[in-house]
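Trainee: Below: one structure in structure tokens.
The values are calculated or read from the model by the stated rules, or taken from the named source; none is laboratory data. Model, not experiment: these values are computed from the prediction. Cβ coordinates were reconstructed from backbone atoms using ideal geometry, including for glycine residues, and neighbour counts include every protein chain displayed.
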């Protein structure tokens with residue numbers, strides 16, 4: 001690890017001022033950043049600890065739930081408002097990492113964590129366009145079991161590793177940002193970028209912009225929602241494919257539905273095409289299968305991850321069937 | 001400020017790169033906490049910070065400033081902890097390298113269940129948490145045992161949980 005100094009931000013304004021300075025990086029729980037510093041992937045000169053700012057979880061006047069960016073993952077999953085109103089979010093967080101890591105990791109840090117692409121992490125031995133723009137991609141033609149099947153580019157096939165973000169994408173969470181000019185919000189599905197020819201640019205945050213909170217709007221699909229994660233072992237592993245979904249039924253018709261996929265792209269993949277196909281239609285196994293088929297129509301898998309295309313379709317259809325009362 | 005370790009205040013290291021794990025082992029010679037993978041994958045370095053289990057390998061010592069750290073030496077300071085005795089009785093170890101992390105994790109895990117914190121396998125997110133082998137298995141998945149003593153580890157934890165309930 002290269003030498004680094006450590007500061008604690010005393011306020012959001014402090015974090016904005018310090019976070020935008022050359023060589024400064026914001027530090028949440030450190031579960032990803034400290035590891036990447038040790039691997040030589042991240043080389044900040046100054047760490048600005050923001051983990052003690054904005055840790056509250058509270059209900060706003062309009063009924064939405066506002067989660068401070070410094071709230072620990074475990075605190076969010078355990079919170080009564082989240083468990084009862086947004087079960088897909090509690091389950092997504094509990095599906096991620098281990099209890100130790102969930103105790104450390106913050107909400108803001110979870111959203112801004114880096115890919116677990118093995119070639120990205122291998123600073124000494126592998127080429128990576130995300131780590132060193134223009135250097136090439138050794139994942140192409142490499143071990144691609146954990147790589148993207150949607151929205152990838154010749155430059156980068158990495159996936160976003162977060163479970164929490166997949167549920168937040170399905171819930172249309174709003175991310176509150178602070179910058180030198182004030183504050184703004186961005187919809188969670190718009191926070192992360194697809195790689196294109198600039199995989200080093202991962203989010204829409206401007207330099208020095210800080211995530212302050214995540215707001216869960218009231219939702220008519222969240223009460224009947226869940227998160228299913230398919231992985232190589234039953235616990236403590238990254239997703240091969242995951243599905244966050246919520247559904248509102250009017251008799252046997254779907255009045256509203258939200259679906260997002262994890263493990264398949266460089267960002268949480270909001271399944272807008274499947275949602276549009278299902279909304280207003282019947283809640284049947286055939287409809288679920290057809291919607292999943294349509295969502296994955298543009299999938300461009302590699303030989304090492306082609307299995308994820310049928311796996312994603314089946315998992316999406318099974319989760320929707322479960323939420324509609326048919327356990328599949 | 002200082003880091004309180006097993007009840008004693010320790011100054012934060014000047015070098016910000018020092019992990020909590022390295023502070024414990026290399027500077028304070030509290031070698032009960034083990035170095036496993038040093039990258040957050042195995043749980044051998046688990047300690048308690050303000051009563052919650054965390055990975056000391058991925059915690060910078062500076063982040064623990066003003067916090068209360070408990071290691072296996074602290075848990076066992078007044079004779080063997082109930083979990084230590086149960087691990088011995090139920091063969092919850094072979095080589096013993098992962099054991100301090102397992103025991104620190106298990107002690108915090110029982111507190112999490114007491115606090116009603118759910119896990120991925122908890123069916124009813126709004127109800128109380130029922131202790132079961134499946135729950136313990138899921139909640140202890142962050143602590144690997146290369147010797148494969150997991151069944152004994154779960155037996156030991158279930159025995160302690162049953163004793164506390166009695």
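Trainee: So residue B:97 fits all but one of (1) surrounded by fewer than 19 Cβ atoms within 10 Å (Cβ to Cβ); (2) touching a residue at least 60 places away in the same chain (Cβ under 8 Å); (3) more than 17 Å from the chain's Cα centre (by Cα); what number is the exception?
Mentor: Of (1) surrounded by fewer than 19 Cβ atoms within 10 Å (Cβ to Cβ); (2) touching a residue at least 60 places away in the same chain (Cβ under 8 Å); (3) more than 17 Å from the chain's Cα centre (by Cα), only one is false for residue B:97: (3).
Trainee: Take the residues of the stretch A:84-96 that are farther than 19 Å from residue B:109 by Cα and within 7 Å of chain B (Cβ to nearest Cβ): which is modelled with the lowest pLDDT?
Mentor: Ranking the qualifying residues of the stretch A:84-96, first place goes to A:84.
Trainee: Okay, next question. Name the residue that is nearest to residue A:35 (Cα to Cα), counting only residues in the stretch B:4-33 that are within 18 Å of the chain's Cα centre (by Cα) and within 14 Å of another protein chain (Cβ to nearest Cβ).
Mentor: Here the residue is B:19.
Trainee: Would you list the strands (runs of 3 or more DSSP E) that sit entirely within the stretch A:140-231 and hold 1 or more residues that are within 14 Å of another protein chain (Cβ to nearest Cβ)?
Mentor: Output list reads A:225-230.
Trainee: What are the residues in the stretch A:279-328 that are within 18 Å of residue A:253 (Cα to Cα), touching a residue at least 60 places away in the same chain (Cβ under 8 Å) and within 24 Å of the chain's Cα centre (by Cα), if any?
Mentor: Of everything in the stretch A:279-328, those that are within 18 Å of residue A:253 (Cα to Cα), touching a residue at least 60 places away in the same chain (Cβ under 8 Å) and within 24 Å of the chain's Cα centre (by Cα) turn out to be A:316, A:318, A:319, A:320, A:322, A:323.
Trainee: Go through the stretch B:60-108 and report how many residues are farther than 14 Å from residue B:34 by Cα and within 13 Å of another protein chain (Cβ to nearest Cβ).
Mentor: Count: 11.
Trainee: State the number of residues belonging to the stretch A:147-182 that are within 15 Å of residue A:262 (Cβ to Cβ) and either surrounded by fewer than 19 Cβ atoms within 10 Å (Cβ to Cβ) or touching a helix residue (DSSP H, G or I) at 6+ places or on another chain (Cβ under 8 Å) (or both).
Mentor: Residues flagged as within 15 Å of residue A:262 (Cβ to Cβ) and either surrounded by fewer than 19 Cβ atoms within 10 Å (Cβ to Cβ) or touching a helix residue (DSSP H, G or I) at 6+ places or on another chain (Cβ under 8 Å) (or both) within the stretch A:147-182 amount to 13.
Trainee: Conditions: (1) without any contact (Cβ under 8 Å) to a residue 24 or more places away in the chain; (2) surrounded by fewer than 21 Cβ atoms within 10 Å (Cβ to Cβ); (3) under 18 Å from the mean Cα position of the chain (by Cα); (4) within 11 Å of chain A (Cβ to nearest Cβ). Residue B:119 meets all but one. Number of the miss?
Mentor: With (1) without any contact (Cβ under 8 Å) to a residue 24 or more places away in the chain; (2) surrounded by fewer than 21 Cβ atoms within 10 Å (Cβ to Cβ); (3) under 18 Å from the mean Cα position of the chain (by Cα); (4) within 11 Å of chain A (Cβ to nearest Cβ) applied to residue B:119, the lone miss is (2).
Trainee: Let me ask you something else. Which of the residues belonging to the stretch B:122-138 are under 18 Å from the mean Cα position of the chain (by Cα) and at the interface with chain A (Cβ under 10 Å from one of its Cβ atoms)?
Mentor: Listed by number, the residues that qualify are B:137, B:138.
Trainee: Every residue in the stretch A:17-28 that is within 19 Å of the chain's Cα centre (by Cα) and either within 8 Å of chain B (Cβ to nearest Cβ) or over 12 Å from residue A:112 (Cβ atoms) (or both), please.
Mentor: Within the stretch A:17-28, just A:27 meets the criteria.
Trainee: Sticking with this structure for a sec: May I ask you to say which residue of A:105, A:71, A:75, A:99 is without any contact (Cβ under 8 Å) to a residue 40 or more places away in the chain, within 14 Å of chain B (Cβ to nearest Cβ) and within 25 Å of residue A:208 (Cβ to Cβ)?
Mentor: A:71
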